[in-house]
Amino acid sequence: MVALVGSPQEMYPVTCASAVFGYQGPDIPHLYDFRLCAERPGPIATTMGADILVTDGLEALAEADTILIANWCPGPDISAELADVVLAAHARGARIVGICSGIHIPASLGLLDGRTAAAHWELTGELARRYPKVRADATVLYVDHGDVATAGATATTIDLCLNQVRREHGAALAMRIGRQLAAAPHREGCQRQFPALPTTGPLPDSLAPLLDWVTANLDRRLTLEDMAAWSGTSPRTLSRHFSEQLGISPGRWLLERRIAGARALLEETDLPVETIAQRVGLSSAVNLRRRFHNALDTTPAAYRRSFR
């Protein structure tokens, strides 16, 4: 993993990516290397008010499996040299990730033509003018096509990076890294990019306490009424908060957590499918297999063979 930076650099997406792909301690497999590079190595000004020293130039991109373009502050226009290096990397199979204004690089190179890309709401007008073949979506957290991925806002960097870990090494490792970082339960890319401003009522800050409680009680037969009662609100109000803050219904979110929990247990344990189904609240092996196939188009047994 190589993060391409430029002056003035916002450091938040860079540090988020390094937190996910960097060293997590002796108990978590360290499967990624993380480094920085710049077109012109040397001191790079940042929005923090302090410079960072970047010693690697564009030659680092020739060896990268993933190129993270972390909020490309220098602007939408890129040099011919940088264009050639990024296109060559993509052609050999490297993954290109654009965060916030970093979308300009893959978009300008045609890598997003005919595709949807997550975009910050402030950039959608400019993107439409510059790249009419790109379908910029300001309503989602991120869009991951595999070879190219985009995140609309810098705060979604962790979500997108954890999604990459999940795609490449399975749900169990992604969940372990997320727990290590004390990150909220993984948010799918289709969720809303920016929640509504908090209002008065039983959920003034966020849904995080409820989501944590549900995740810790997946083995229980939870209903919308149970979740609403724990939150001290009505089922209708809770559904509205889910729609506004996560872009999905409570039932869909709960099912996704159950599937994620099943994936982690399939990867990390030898427990029978029946036991796993009970532990994640899906009641039976038959129900787990049906839900698993609908969500992932595979069976628990085949998934275990691939990721165990």
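Considered as a group, the residues in segment 13-41 that are at pLDDT 90 or above and hydroxyl-bearing (S, T, Y) include one that is surrounded by the fewest Cβ atoms within 10 Å (Cβ to Cβ), and that residue is T15.
Conditions tested, residue by residue: (1) more than 26 Å from F21 (Cα to Cα); (2) touching a helix residue (DSSP H, G or I) at 6+ places or on another chain (Cβ under 9 Å); (3) crowded, with 23+ Cβ neighbours inside 10 Å; (4) at pLDDT below 95.
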{"site": "A70", "(1), (2), (3), (4)": "no, yes, yes, yes"}
{"site": "D77", "(1), (2), (3), (4)": "yes, yes, no, yes"}
{"site": "E81", "(1), (2), (3), (4)": "yes, yes, no, yes"}
{"site": "L87", "(1), (2), (3), (4)": "no, no, no, no"}
{"site": "I99", "(1), (2), (3), (4)": "no, yes, yes, yes"}
{"site": "I103", "(1), (2), (3), (4)": "no, yes, yes, yes"}
{"site": "A119", "(1), (2), (3), (4)": "no, yes, yes, yes"}
{"site": "L123", "(1), (2), (3), (4)": "yes, yes, no, yes"}
{"site": "D137", "(1), (2), (3), (4)": "yes, yes, no, yes"}
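Taken as a whole, the structure places L53 among residues that are surrounded by fewer than 17 Cβ atoms within 10 Å (Cβ to Cβ) and without any contact (Cβ under 8 Å) to a residue 12 or more places away in the chain. Remark: A260 matches the filter, which requires a residue to be small (G, A, S), under 23 Å from R179 (Cβ atoms) and surrounded by 14 or more Cβ atoms within 10 Å (Cβ to Cβ). Of the helices (runs of 4 or more DSSP H) that lie entirely inside segment 198-308, those containing 3 or more residues that are outside the structural domain of N163 (by TED's automatic domain parsing) and at pLDDT 90 or above span 224-231, 235-245, 250-268, 273-279, 285-296. Among the residues of this structure, S231 counts as one that is surrounded by 15 or more Cβ atoms within 10 Å (Cβ to Cβ), more than 26 Å from the chain's Cα centre (by Cα) and of a type outside the set (D, E).
Just one of A155, A107, A91 is surrounded by fewer than 19 Cβ atoms within 10 Å (Cβ to Cβ) and closer than 23 Å to S7 by Cβ; which is it? Answer to the selection: A155. Listed by position, the strands (runs of 3 or more DSSP E) contained in segment 83-160 that have at least 2 residues being touching a residue at least 24 places away in the same chain (Cβ under 8 Å) are 95-99, 116-118, 142-144, 148-151. On the stretch given as segment 33-70, residues that are in a loop (DSSP other than H, G, I, E, B) and on the phi > 0 side of the Ramachandran plot total 1.
The values are calculated or read from the model by the stated rules, or taken from the named source; none is laboratory data. Just so we're clear, the structure is a prediction, and the values are computed from it rather than from any experiment. Quick reminder, even Gly has a Cβ in these numbers, built from the backbone with ideal geometry, and neighbours come from all protein chains shown.
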